[in-house]
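In what follows, a structure is listed as structure tokens, so that the remarks can point back to it.
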Amino acid sequence: MSAVAQVAGNQLTEVERFARRQRSLIKVFGERFAETFSSPVLFIDDQVLRSPVATRFFHKDFAYLSKQLYLEYQYRSWKGYNQELLTRYAELVGKKLENIKILMTNNVSRMRNLLSQQGYSLETTLWTKSIDIDVPVIAAQARTYWEMLLLLEQVYVLTATANYFGVFSSSQREIAETQCKRAIRAFRSVLQTEVVKLYREADRLIKEQHSSGNVDKGMAAMVEQQGKDIAEFDASDADDARSDASLDLGGVDAGQLIDDAAAASTAGAAASKRVKKPRTASSGGAEHALPAAAAAAVGAADLAADATS
């Protein structure tokens, strides 16, 4: 049992629960943020993440993306800020997250069905390490992003299970995993492009304040910090591409990559429903599935085709 789950298993007092959540807030965002943040925080308690890939995205991206997603709400109260820019930002972010969810859930559903047809149970102990945390949420889309990381972990559990049982080849496993991992990576690029637009609009207002000689120090500090955060994140983004070639989008339109992957997975899911399930051979009245290779020819090949569409 995880440390968080152990504590949760006990009856926490309100003081103990608050202290535990406060530690999580500091762990994710840092002590300075925890001390100065004045908006409500939603906590998703007793969360566990095991996949190294999903964990890496969480550690590297979650805090930054959460802060940038929160700023959309903050900027709405600024006099003179372009509200149409904020509306477009919210709609675009929501649409890309929706399409990533479509991609992930289609792949998870199809792989679960494939393994079930072959009589294999889902392996849930593929990794020996985990992070255990009460996830602090400061923006609605940040909560959705966390849900995408959980789905990404499911994809990795299923592809590894299918590979270990011989239902997927290593190549088919890599194709399915890379498609989903690149979608998460692409979302980061989409958001970063839009965040820069929000920053420039905020910076425009601060420059106007300087020109009028009436600068709001709090607003100016917020914009200055956002500029620093954007520059730091850009630098770390380049490091990712160097450490994992599959995360280098190579100039591809990140938003289109997400949309195309979601569309391909939907088309593949529809096509798989038209394919007959593998036949079974009867022996003494009992039903026995055909060898895994036979099912792989139907299910895994379809999944690989989805990923390369």
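Based on this model, can you work out whether residue 98 counts as assigned to a helix (DSSP H, G or I), closer than 28 Å to residue 216 by Cα and among the charged types (D, E, K, R)? So residue 98 does not fit the description; no. Looking across the range 170-219 at every residue that is touching a residue at least 24 places away in the same chain (Cβ under 8 Å) and more than 25 Å from the chain's Cα centre (by Cα), the one that is farthest from residue 139 (Cα to Cα) is identified as 208.
Against the list (1) farther than 18 Å from residue 158 by Cβ; (2) outside any loop (DSSP other than H, G, I, E, B), the condition residue 81 fails is (2).
Out of the residues in the range 202-227 that are charged (D, E, K, R) and closer than 19 Å to residue 64 by Cβ, which is surrounded by the most Cβ atoms within 10 Å (Cβ to Cβ)? Here the residue is 203. Between 262, 235, the distinction of being assigned to a helix (DSSP H, G or I), free of Cβ contacts under 8 Å to residues at least 60 places away in the same chain and either of a type in the set (A, V, I, L, M) or at negative phi (or both) belongs to 235 only.
Residue 183 meets the conditions (1) buried (at least 17 other Cβ atoms within 10 Å of the Cβ); (2) within 30 Å of residue 23 (Cβ to Cβ); (3) at pLDDT 95 or above in every case but one. The failed one is (2). Name the residue that is nearest to residue 102 (Cα to Cα), counting only residues in the range 131-175 that are among the small types (Gly, Ala, Ser) and surrounded by 20 or more Cβ atoms within 10 Å (Cβ to Cβ). In this case the residue turns out to be 142. Among the candidates 156, 145, the residue that is in contact with an Asp or Glu (Cβ under 9 Å, 6 or more places away or on another chain), within 24 Å of residue 36 (Cα to Cα) and either part of a helix (DSSP H, G or I) or charged (D, E, K, R) (or both) is uniquely 145. Of all residues in the range 7-61, those satisfying the criterion of being among the aliphatic types (A, V, I, L, M) and touching a residue at least 40 places away in the same chain (Cβ under 8 Å) are 25, 28, 41, 42, 44, 48, 49, 53, 54.
The values are calculated or read from the model by the stated rules, or taken from the named source; none is laboratory data. Here the structure is a predicted model, which means the values were calculated and not measured. Please note: Cβ atoms are built from the backbone with ideal geometry, for glycine as well, and neighbour counts cover all protein chains shown.
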